[in-house]
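Peer 1: Have a look at the structure that comes next, please.
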Amino acid sequence: MKPYHVETLKAIALMGGLKEYVNLSSGELGKLIGVSQQSASQRILEMIRDGLVARDLATRRQRIRLTPKGGEVLRKEYADYQRIYEVKETLTISGTVTSGLGEGAFYMRQRGYKDQFRKKLWFEPYEGTLNLKISGPDLAKLQILQESPGIEISGFEAAGRTFGGAKCFLATSGHVDCAVIMPIRTHHTDVLEVISKHYLRNALGLKDGDIVELAVTL
């Protein structure tokens, strides 16, 4: 991806192209970003090739929108500006309570994790995680957490099985202390897992669909 692609993606997104196809000729795009029609056309072709935008030629006018990959590029850019201008030592992030697959309880029971939680987080978590689905502008804050070092939880082996590493960030929700835990893995997720010594659904009176705000220490 070339540096000027971010500028072009931003121009398309400002016209509504983040959520749907928008009518946008190469000449119109060129005027928006201050380049010739030929240069704008070349940028569109480059971004289609790189999977950043999609084009619909089924109508008379060219219609363009950002792909999920293009949207992710802008979210990362937004996260960088938040680091510069907004984020200090605490990050506030909100998410919607959602039911998980029950895997969190299995991992929270593992002695290799429990020992590290006690030493590094100063508490032994309840056997389970609170899952928060992150959306909208807060996805950029999720990106900040993904790229911050956090408190390392090392992977280990037990009973012939390998358990992966993770990183944690101490946090609070209302009056309740907790921590965000992020497994170190490559695939993208929009779900944030939260652990605490308390059963958070009871402690905070939560049900699926409720909004939870976390103050996360970086």
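Peer 1: Six or more apart or on different chains, Cβ under 6 Å: which pairs go from a residue in the stretch 15-26 that's on the phi > 0 side of the Ramachandran plot to one that's of a type outside the set (S, T, N, Q) and surrounded by 17 or more Cβ atoms within 10 Å (Cβ to Cβ)? Could you list them?
Peer 2: From the stretch 15-26, the pairs are Gly16/Val22.
Peer 1: Is it the case, given these coordinates, that Glu152 is part of a loop (DSSP other than H, G, I, E, B) and over 19 Å from Gly16 (Cα atoms)?
Peer 2: So Glu152 fails the test.
Peer 1: What number goes with the only condition from (1) under 19 Å from the mean Cα position of the chain (by Cα); (2) at pLDDT 85 or above; (3) of a type in the set (S, T, N, Q) that Gln110 does not pass?
Peer 2: Of everything listed in (1) under 19 Å from the mean Cα position of the chain (by Cα); (2) at pLDDT 85 or above; (3) of a type in the set (S, T, N, Q), Gln110 misses just condition (1).
Peer 1: Surrounded by 19 or more Cβ atoms within 10 Å (Cβ to Cβ), part of a helix (DSSP H, G or I) and touching a strand residue (DSSP E or B) at 6+ places or on another chain (Cβ under 7 Å), is that true of Leu132?
Peer 2: no
Peer 1: Could you grab me the full set of residues in the stretch 137-180 that are touching a helix residue (DSSP H, G or I) at 6+ places or on another chain (Cβ under 9 Å) and of a type in the set (A, V, I, L, M)?
Peer 2: Listed by number, the residues that qualify are Leu139, Ala140, Leu142, Ile144, Ile151, Ile153, Ala158, Ala166, Val176, Ala179, Val180.
Peer 1: Is one or more of the residues making up the stretch 207-215 of a type outside the set (Lys, Arg), surrounded by fewer than 13 Cβ atoms within 10 Å (Cβ to Cβ), assigned by TED's automatic domain parsing to the domain that holds Ser99 and not in a strand (DSSP E or B)?
Peer 2: Within the stretch 207-215, one or more residues are of a type outside the set (Lys, Arg), surrounded by fewer than 13 Cβ atoms within 10 Å (Cβ to Cβ), assigned by TED's automatic domain parsing to the domain that holds Ser99 and not in a strand (DSSP E or B).
Peer 1: Further question: Picking from Ala171, Ala215, which residue would you name as being at pLDDT 90 or above, more than 15 Å from the chain's Cα centre (by Cα) and closer than 21 Å to Asp80 by Cα?
Peer 2: On inspection, the qualifying residue turns out to be Ala215.
The values are calculated or read from the model by the stated rules, or taken from the named source; none is laboratory data. All values derive from a computational prediction rather than experimental measurement. Quick reminder, even Gly has a Cβ in these numbers, built from the backbone with ideal geometry, and neighbours come from all protein chains shown.
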